[in-house]
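Notes for the one structure printed next.
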Amino acid sequence: MARETGESGETKSTKVKKHKRRKSKKESKTRIVHANILYDLTKGGDNPNRHYANNKIKTTKYTLLSFLPKNLFEQFHRFANVYFVFIALLNFVPVVNAFQPELALAPVVFILSVTAIKDLWEDYRRHRSDKEINHLDCLVYCSEKRYVEKYWKEVRVGDFIRLRCNEILPADVLLLSSSDPDRLCHIETATLDGETNLKQRQVVRSFIDLDCEFDPLKYNSVIECEKPNNDLNRFRGYIIHRSGKRDGLYKDNLLLRGCTIRNTEEAVGIIIYAGHETKAMLNNNGPRYKRSKLERQMNVDVFWCVIILLVMCLFSAIGHGLWMFQYGDKRPVFDVLSPEGTELSPVVSAIYLFLTMIIVLQVLIPISLFVSIEIVKICQVYFIHQDMELYDEETDSHLQCRALNITEDLGQMQYIFSDKTGTLTENKMVFRRCTVAGVEYSHDANARRLAMYQEMDSEEEDCTSHGGTLPRRDSVTSHQSGKVVLRSQSTKSHRRTGSRAEAKRASILSKHTAFSSPMEKDITPDPQLMDKVNECSSQMEFMRFHSQSLNQIPPDLCDVFDFFIALTICNTVVVSSPNQPRQKLKSPVKTIEDFIKRFTPSRLTSGSNNSSSSSLATNRSSSHKVGCSMLSSPSAESTLTKLKEENPVPPNFDKTKALAQDECELRYEAESPDEAALVYAARAYKCALVGRLPDQVTVELPHLGKLSFELLHTLGFDSTRKRMSVVVKHPLTEQITVYTKGADSVIMDLIRPATDDCKGKRQRKILYKTQNYLNLYAADGLRTLCIAKKVLSKEEYASWLQLHLEAETAIQRREELLFESALRLETNLQLLGATGVEDRLQDGVPETIASLRKAGLQIWVLTGDKQETAINIAYACKLLDPEEEIITLNADSQVYPACTATVSLHGPFLVHRLGLVIDGRTLAYALDKSLEDDFLAVARSCRSVLCCRSTPLQKSMVVKLVRNKLKVMTLAIGDGANDVSMIQVADVGVGISGQEGMQAVMASDFALPRFRYLQKLLLVHGHWCYSRLANMILYFFYKNAMFVALIFWYQFYCGFSGSSMVDQWYLIFFNLMFSAFPQLVTGTLDKDVSAETLQELPQLYMNGQNSEEYKPYMFWMNMIDAFYQSLICFFIPYFAYVDSDVDLFTWGTPITTLALFTILLHLGIETKTWVSLVLYYAKSLFFIVALCYNASCPACFSPSNPYWTMQRLLGEPIFYLLCVVTPIALIEPNIFCTPIYIFAFK
């Protein structure tokens, strides 16, 4: 019995272990979250959430105990610090030491201490910030059955948290309840991605239909979701109820840490990720470290300094060995014995002397150079930040420097890769023109309105369009091959218009609502199109009233109606209106059973009594009410207050005033400027978006009032499909309709093939005319979008819905299945029309590009826009010149780019200035390994390159190809998430803090408010930073080599014994105190050319591009100059004091003084501005320290005796004569040789 019990116990134990292994394996892939309230009364060890990270944020690197070892460990990762510590420790070995060990250690300790203090201060600032964040308050449900205030740091995974309006989220929260009647929660994500528009988040599906307030005590579900990751746009998981039912969890159910609750009084959720496991914290990488080109060159020269040091030490060791060998068995009386008291052989003495000389000549490797460079770069960044000319008042933003160690690279750029939309342009889309059903509406009055903004701004120069385009001439016979195009003047000017006061008002408004400047909102409708809209609406109202079929309306009017409905509802715009109450609606279709119940034949007939209140039968009996689907219509006898609250529009009411009032109240929160522009354009035609819910979009139309379209599905925009679609139930026809908008390059291929009947001929005609108008819009530089629709039968929708729901609930390959589902739906579309939206150039873009061109920078524009649009913008911003020959590459296979490359490389051209335009498909071929060299050869022969229809991956591939193949310095600038890969690949990445969020800024090294600030950043600050650092590094090598060489020359007179005629205090602190500080000041403040001159003469920037300030031979010239000056500086005092009775330090101190004077005088000659005054400070500091040291230290380091040395020298006339004659003799060759060198080599 016992055996059986034991065996059963072992079996049970084995099962438990297997279960634990399975559980741990599952936990490695997913996270399981339970409600903490169920475990509050039990021991903490029983809570399954105990292993997850708490919500306490700690971004500091150190603690009180770990600071010293950890900081030293980090500093010793730098090889130079290891070298200097090794030298200092070597000085503790009695046999080879050259200085007092404690004194030799002082410079290293000082350098390490300065860096440690800097790191400690930065860490303390992080600690204060962490403390402030961790002690913010939030409401957490506790075991006392109520919400209590707790600090953020006390929140745990599994806690229920109550969120209030305008409150910041403390962790990643799964939304379980909302005070919004539609169970929505509006959030602002500006702290994550910089986007100011509101986003909707939805309560988990199984909690939407709760009729009472959410009670955490009744919650008994378990959440299974993915492990913490940094993907802000993805969240997957399931919530498993006690009944076993599982509901999917998506990103729309998750509220991220750092977001702010808006327009929602109260929400309740459960914490899924806390602290450092939240998505916001996982994305917080901080500034990136890059090594600059100048630093890489410097490291090579440091290596050469090490070689020179070893050669000098080896020479001294051999000399010392020979000197000892000549004595033979007669040892000199001053010979140093071994620690055991025995005599050393010449070979052993030479080895010891080699190590001693490394200690003595260690100054040749500039210990203070590395920390000086860090200090100078920090100071340079500070002064760049303080430049008010890089501050943008309209957006209240200034330059940000996120990479502190590549400022000098700004002065050496050779290639600039720029995005177009939002970087060169404002990304403020202004609706300009449209074509509907093959009829073009030019909107001349709207164009005059935009011209008025231009006249109001007296500070901006007039922009008029002249000229046109000449016919293209094919350089290759095939129509698919490259074409050479000669363009005349730009066809359109795209200078941004609008007065500065207008822009300021817009910027204030944009802080609350994105893409809502008056220029974007106030659109003047075209009278002809407005008449058609009114005519269509009145006919529909008449037919509704008389219960007639809407099919009797002329097709062109139907197209107009559907066109504006598509503009209004085919988007993700969120409507904010505090005075507009919303009612609870039914959920959209989620199951096949739902579909069967809701879309029966009786519901699809327009005359059914069960249909919505907007059906024809219902509206016939309520002709004096507003037609509305799923919304009750208020009667005409309502009070004025109720009218204002619910916005009814009776027939005898002034619709213009009502719409104007509504427009003042409504705010559109758009995710992109294109969406906002089209919604505002539709509103100008009285087709206003007045409400958006997860399952419904409400539109207000003239004559018809409010119509509510039941939103069944939204197929969002993606860069592959290049379109978005919405599936709605039409309130007038009860039909299931698909509205699609997207790029013309894809929509035109999805249009239903035309038949031979009248409808087919009409469709062909519309297609042909629309394509012509699209070409005209693109030639005018307008961004084009095509609008289309499709009516689904009940059977078609049911068939598609089944596969779509399977894709939505799939665990594996969900994104791919949803993509395929969208492709199945978006076919056989009916073309409604197209829009032309203008994206205006930013201020100063043409002038900036022209100036950068003069500076020798090659500018490539990489954009996803249409080729014609991109070309016109390129002419407007002076990227392309009318006098240039344009090579246009459009190909469908790899053969044609190769053929074109051959023609381009060897074919004759009429002019020598070329421009290259290439589309995305051809670019994909050109980036192939077999063609990339030919592509680069063609591109290098062109003055400018324009890549159209390029994907984010292609952008990064182009930058990488140019950087690696041509070995040039590259800069990439962009403003959107699609530019991030390009920005990260380039040597220097610049983000524009514009309309598309902060993704580009967060990935960049520098962030600018406007493109035009790039001119001063590169031409002025880049030039200064490079020039200052290059000269500072060369100066450090020069002064250290000159000072070390003095000791080396002395070895010829002391038997290469490693002795020094310079006091060891001077030797140690010469580089650290006396000569380093002046260079810090000049390296930070010196200006070889003024800012005005650098901007007026951009050609001066080529100095940095060609590395004129720091070429390899300059290092060797400085070393030769240093050794020459050291010879003069050594032998003039030598001959002055020869045969005198002065002691060693009385002779060595003048040499030290003369070396310092010469080095500072050399720096004064190289310095261009008033900062040379600091040289007098350095000289005064030396004398003060020397006098104090010589007066207070009679026998500090026996047998040395520096007492009163400087005081005696100051009383001798020969000392003053040496201080005048020697520096002049040393500097004169430099003064006379420099002009000869410049004339001969520059």
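The values are calculated or read from the model by the stated rules, or taken from the named source; none is laboratory data. What you see is a predicted model, and the numbers here were worked out from it, not measured in a lab. Here Cβ is always computed from backbone atoms with ideal geometry, including for glycine, and neighbour counts include all displayed protein chains. In case anyone asks, the SASA skips ligands and DNA or RNA and just uses the protein heavy atoms, side chains included. Shrake-Rupley method; radii C 1.70, N 1.55, O 1.52, S 1.80 Å.
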Starting from 0 in steps of 10 Å, tell me what percent of the Cα-Cα pairs of region 1144-1191 lands in each bin. 24, 48, 22, 5
So for each of 1149-1162, 1069-1082 I average, over its residues, the number of other beta carbons within 10 Å; can you give me the resulting order with the highest mean first? 1149-1162, 1069-1082
Assuming 0.36 nm per residue, please report the length gained on full extension of the stretch residue 795 to residue 745 beyond their Cα-Cα distance. 15.0 nm
Give me the distance in nm between label points sitting 7 Å out from Cα along the Cα-to-Cβ direction at residue 132 and residue 806, one decimal. 5.5 nm
Sort 268-281, 730-743 by packing, meaning the average of other beta carbons within 10 Å per residue, with the highest value first. 268-281, 730-743
What accessible surface, in Å², does a 1.4 Å probe find on residue 421, ignoring ligands, DNA and RNA and rounding to the nearest 10? 10 Å²
For the peptides 772-780, 429-437, what is the packing order when you average, over each peptide's residues, the other Cβ atoms within 10 Å and list the highest mean first? 429-437, 772-780
Solvent-accessible area per residue for region 209-277 (1.4 angstrom probe, square angstrom): 46 Å²
Quick one: if the Förster radius is 35 Å, what FRET efficiency do residue 318 and residue 291 give, using the C-beta to C-beta distance and rounding to 0.05? 0.40
Taking the square root of 5 times each eigenvalue of the Cα gyration tensor, what semi-axes in Å does the equivalent ellipsoid of region 1016-1171 have, largest first? 37, 15, 12
Would you please classify the overall shape of region 1000-1039 from the alpha carbon gyration tensor, given that a ≥ b ≥ c denote the square roots of the eigenvalues, rounded means a/c under 1.5, and beyond that prolate means a/b larger than b/c while oblate covers the rest? oblate
Contour excess over end-to-end distance, with Cα ends at residue 937 and residue 311 and 0.36 nm allotted per residue: 220.8 nm
Given a Förster distance of 45 Å, report the FRET efficiency between residue 772 and residue 816 from their Cβ-Cβ distance, rounded to the nearest 0.05. 0.75
When the accessible area of region 957-1072 is split by element with a 1.4 Å probe, what percent falls to carbon and sulfur? 55 percent
For region 551-565 and region 818-867, compute the distance between their C-alpha centroids and round to whole Å. 30 Å
Length gained if residue 762 through residue 1181 is fully extended, taking 0.36 nm per residue and subtracting the Cα-Cα distance, is 141.7 nm
Once both labels are modelled 7 Å past Cα along the beta-carbon direction, what's the residue 234-residue 967 spacing in nm? 3.9 nm
Of 1176, 1101, ordered by accessible area with the largest first and a 1.4 Å probe, the sequence is 1176, 1101
Ratio of region 1098-1162's C-alpha Rg to 2.2 N^0.38 Å, to two decimals? 1.68
For region 767-861, which whole-number percentage of the solvent-accessible area (1.4 Å probe, protein heavy atoms only) is attributable to carbon and sulfur atoms? 54 percent
Expressed per residue, the solvent accessible area of region 704-766 in Å² (1.4 Å probe) is about 38 Å²
Report the label-to-label distance for residue 1135 and residue 118 in nanometres (one decimal), using points 7 Å from each Cα along the Cα→Cβ vector. 4.5 nm
